[in-house]
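Working notes, structure below.
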2 protein chains.
Amino acid sequence: METKSQMRDEKYAADISSIREAQVRISPFIHKTPVLSSETLNSIAGRKLHFKCECFQKGGAFKFRGACNAIFSLNDDQAAKGVVTHSSGNHAAALSLAAKLRGIAAYIVIPKNAPKCKVENVIRYNGQVIWSEPPMRSREDMATKVLQETGAVLVHPYNDGHIISGQGTISLELLEQAPQIDTIIVPISGGGLISGVALAAKSINPAIRVLAAEPKGANDAAQSKGAGRIITLPETNTIADGLRAFLGDLTWPIVRDFVDDIITVEDKDIIEAMRLCYEILKVAVEPSGAIGLAAVLSDDFRNNLAWKDCNNIGIILSGGNVDLGVLWDSFLK
Amino acid sequence: METKSQMRDEKYAADISSIREAQVRISPFIHKTPVLSSETLNSIAGRKLHFKCECFQKGGAFKFRGACNAIFSLNDDQAAKGVVTHSSGNHAAALSLAAKLRGIAAYIVIPKNAPKCKVENVIRYNGQVIWSEPPMRSREDMATKVLQETGAVLVHPYNDGHIISGQGTISLELLEQAPQIDTIIVPISGGGLISGVALAAKSINPAIRVLAAEPKGANDAAQSKGAGRIITLPETNTIADGLRAFLGDLTWPIVRDFVDDIITVEDKDIIEAMRLCYEILKVAVEPSGAIGLAAVLSDDFRNNLAWKDCNNIGIILSGGNVDLGVLWDSFLK
């Protein structure tokens, strides 16, 4: 396995081989999530939509795939000292659960403003919560401190080859479940999910289009694609709490080379997409998870001639960890 | 096919043959719904739970199976005059959709107090809404009037062999998807769903236990089983708007002979089960749909020695048509 990994293209942190290896490694632990469809939503969108329900994944989000791959790739000496991460929530819960399954410690640095249900998930899975101030710098500093004290292995939420490979297993499943798919729309934040999904999908079928969906109030990835280099923002402003991270040095080259375009959407359209998921699909999706549907329904996508041939669209509903009160309040605004 | 049906046991309105025929008839139209599971809910329940997600069925409820079977069993002369029904909502939407697929008229008598989202579903599927007063008598009278004026065929929501056979297809799918199931828990109202489910399940494996879940405020089925005859109630009082009907002369003999027990639950426990479905399974389930989980978590079930060997329980999440505001309000009470 290591040999194969060493053979991979030096330019990227993962490839179809590492993704297939991840699938074998994590398949005893993950849910193979269903793909749902709705004639009503098809007729609203004017295309056939195939919803890959990662909200039903263990821990309530796709993050468990990458976390599981990272944890079960550790050797025994590494594993004995545990793992540490800083995270907006879903990666934290996922890493806690994967660590619990392997019987090792997970030290989780969480910003004080994380959604309650995401913190509860960490505690449910025996993660050891260490609070930090919200800014990413504070979170990283606290994680480094824990790492120095415990000798634990840092598992970055997205800028990590094992994480990217784990998330890529979604494409392997999705294209087996709905082989007619010609386009996949994926939420983008730090880029771990879309990097894995794009590498696997394009390797299986180079004609598949991979599009990112990003909040207008955290459009660093769109700006990065435009500038040809990683752009970070002084601040972000979006209801999608899972989409506030910036691209890393491992995810950026993959996003640069394999993501066909980035569609940015307003928060109000994310909320409307959440409502459609709830009312029509009967699925609880968090704001970050609903953004793919919002993108498909946006004027920017509908009116772009480049995408008029996207007839069978895979939409990754990336997570479902949303407090019901938050959902309800957002509908009233 | 008619010949086979005529061969069935005279005592019952359906059997495994009519249910297998229904499966062939409706499979081009229905969703094969997924079975979800959650380690968290397993550990809360102390058993393995397998959730059959009929909330993802077309129209948002299992009712589409029976409606589809009834509509596509009509001959062309019958079909030309359309169909009529009175319904608390999900059957109405299902019949409208099935009629739309066959290109025939559906006249839907709906009580004025039906949930808004259920009425919207009828309209979405081109059903012709005819309002009535809430009592069942008023609804039936109005349906008879429409029937006389149009010559349409009455498709009863549950007291109908085709309806029962259609709902029974759930067992065929569920026992293929999760063959280890030893118990199935099913919401009971008029008895169409549980009749089909019980006939099919017991035919495939006579050792499978089939239990009904019923609201304490509409416990006519439990009273009927106790009395050995159909009992109706002067009024019902439950949040589960889909579970207020009484057994019919076709469903009663099946419930009497094939349902092992009826577990009654309080509305507050139904609401708690809805919350668990939302927060942990990430699935929107209406009160009637969540009652099976409420039953499994009830003290009556946990403490009953007769059910201590129920280790793999299939729970039918029968529908997901719930207004989000209603859901939220119920959590605050």
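Sort out for me the Cα centre separation of region A:177-246 from region B:253-283, rounded to whole Å.
Using only Cα atoms to place each centre, the spacing works out to 40 Å.
What is the Cα coordinate range of region B:63-154 on the first, second and third principal axes, sorted by size from largest, in whole angstrom?
For region B:63-154, the Cα spread along each principal axis is 34, 26, 18 Å.
Would you mind counting up the charge near residue B:89? Only other residues with Cβ under 14 Å from its Cβ, with Lys and Arg at +1 and Asp and Glu at -1.
Net charge in that neighbourhood comes out at +3.
Excluding residue B:309 itself, calculate the net charge of residues whose Cβ lies under 12 Å from the Cβ of residue B:309, where each Lys or Arg counts +1 and each Asp or Glu counts -1.
+2
What nm value, rounded to one decimal, do you get for the distance between residue A:227 and residue B:100 when each label is placed 7 Å out toward the C-beta?
Spacing of the two 7 Å Cα→Cβ label points: 4.8 nm.
Around residue B:213, which amide H atoms from residues at least 5 apart in sequence, or from another chain, sit under 5 Å from its own amide H, with H modelled in the peptide plane?
Under 5 Å from the amide H of residue B:213 lie the amide H atoms of B:186, B:188, B:263, each far enough along the sequence or on another chain.
Computed FRET efficiency, Cβ-Cβ of residue B:261 and residue A:249, R0 60 Å: what is it to the nearest 0.05?
Step by step, r from the Cβ atoms, then E = 0.45.
What do you get for trypsin sites (Lys or Arg not before Pro) in region B:217-268 restricted to DSSP loop and a cutoff of at most 15 other Cβ within 10 Å of the site's Cβ? Show your work: numbers first, answer last.
Details: sites: B:225, B:229, B:244, B:256, B:268; in loops: B:229, B:244.
Those that pass, being in a loop and sparsely packed, are B:229.
Using a 10 Å cut-off around each Cβ, can you sort B:117, B:53 from fewest to most neighbouring Cβ atoms?
If I rank by nearby Cβ atoms, fewest first, I get B:117, B:53.
Once fully extended, how much extra length lies between residue A:24 and residue A:329, figured as 0.36 nm per residue of separation less the alpha-carbon to alpha-carbon distance?
Answer, rounded to one decimal: 105.6 nm.
Using amide H atoms built in the peptide plane, which far-off residues or other-chain residues are under 5 Å from residue B:319 H to H?
Amide H neighbours of residue B:319: B:55, B:286, B:289.
Just to confirm the number: angle between the C-alpha axis of helix A:161-177 and the first principal axis of chain A, 0 to 90 degrees, nearest 10?
Here the helix axis deviates by roughly 40 degrees.
Could you give the angle, 0 to 90 degrees to the nearest 10, between helix A:136-150's Cα long axis and the longest principal axis of the Cα atoms of chain A?
Taking the Cα atoms of chain A, the angle to A:136-150 is about 30 degrees.
May I ask you to evaluate 6.51 cos²θ - 1.76 cosθ + 1.60, the Karplus curve with θ = phi - 60°, for each residue of region B:257-264 and list the ³J(HN,Hα) values in order in whole Hz, giving x for glycine and proline?
8, 10, 9, 6, 6, 10, 9, 9
Mind checking the angle between helix A:90-102 and chain A's longest principal axis? C-alpha axes, 0 to 90 degrees, to the nearest 10.
Roughly 50 degrees between the two axes.
For region B:240-246, just list the computed ³J(HN,Hα) in residue order, Karplus coefficients 6.51, -1.76 and 1.60, θ = phi - 60°, integers in Hz, with x standing in for Gly and Pro.
7, 5, x, 10, 9, 7, 10
How large is the Kirkwood hydrodynamic radius of chain B, counting all unique pairs of alpha carbons, in Å?
Across chain B, the inverse of the average 1/r is 19.5 Å.
Return the subset of A:52/A:225; A:32/A:116; B:100/B:216; A:58/B:32; A:100/A:225; A:118/A:202 for which the Cα-Cα distance in this structure is over 29 Å, preserving the input order.
B:100/B:216; A:100/A:225; A:118/A:202
Show which aspartates and glutamates lie in cross-link reach of residue B:112 when reach means a straight Cα distance below 20 angstrom and same-chain residues fewer than eight apart are skipped.
Hits, sequence-local ones excluded: B:120, B:133, B:140, B:141, B:235, B:241, B:286, B:323.
If you put a point 7 Å past Cα along the Cβ direction, how far is that point for residue B:27 from the same point in each other copy, in nm, smallest first?
2.5
Given a Förster distance of 41 angstrom, what is the FRET efficiency for residue A:141 paired with residue A:305, based on the Cβ-Cβ distance and rounded to 0.05? Could the numbers behind the result be given before it?
Numbers: r = 47 Å, r/R0 = 1.15.
Taking R0 as 41 Å, the efficiency between residue A:141 and residue A:305 is 0.30.
Around residue A:130, which amide H atoms from residues at least 5 apart in sequence, or from another chain, sit under 5 Å from its own amide H, with H modelled in the peptide plane?
Excluding prolines and chain starts, which carry no amide H, the hits are A:108, A:109, A:110.
Answer rounded, prolate or oblate for region B:183-284, using the Cα gyration tensor with square roots of eigenvalues a ≥ b ≥ c: rounded when a/c is under 1.5, else prolate when a/b is larger than b/c, else oblate. Before the final figure, lay out the partial values.
Details: a/c = 2.21, a/b = 1.18, b/c = 1.87.
In terms of gyration-tensor shape, oblate.
How high is the FRET efficiency from residue A:76 to residue A:32, r the C-beta distance, R0 25 Å, rounded to 0.05?
Values: r = 28 Å, r/R0 = 1.13.
Calculated value: 0.35.
Taking the beta-carbon count within 10 Å as an exposure proxy, list A:288, B:18, B:138, A:224 from fewest neighbours to most.
B:138, A:224, B:18, A:288
What list do you get for B:109, A:146 if you sort them by fewest beta carbons within 10 Å?
Numbers: B:109 24, A:146 20.
In order of increasing Cβ crowding within 10 Å: A:146, B:109.
Net charge around residue B:186, counting only other residues with Cβ within less than 13 Å of its Cβ (Lys, Arg = +1; Asp, Glu = -1)?
Once positives and negatives cancel, what remains is -1.
In µm²/s, what is D for the protein assembly as shown at 20 °C and 1.002 mPa s, where D = kT/(6 pi eta Rh) by Stokes-Einstein and Rh is the Kirkwood radius from Cα pairs? Show your work: numbers first, answer last.
Working: Rh = 25.9 Å.
The diffusion coefficient I find is 83 µm²/s.
Per DSSP H run of n ≥ 4, the term is -39500 (n - 2.57); total these for chain B, divide by its residue number, and report the mean residue ellipticity at 222 nm rounded to 500 deg cm²/dmol.
So the helix-based figure for chain B works out to -13500 deg cm²/dmol.
Each value in this text was obtained by applying a stated rule to the coordinates, not by laboratory testing. What you are looking at is a predicted structure, and each value in this text was computed from that prediction instead of being measured. We place every Cβ from the backbone using ideal geometry, glycine too, and count neighbours over all the protein chains shown.
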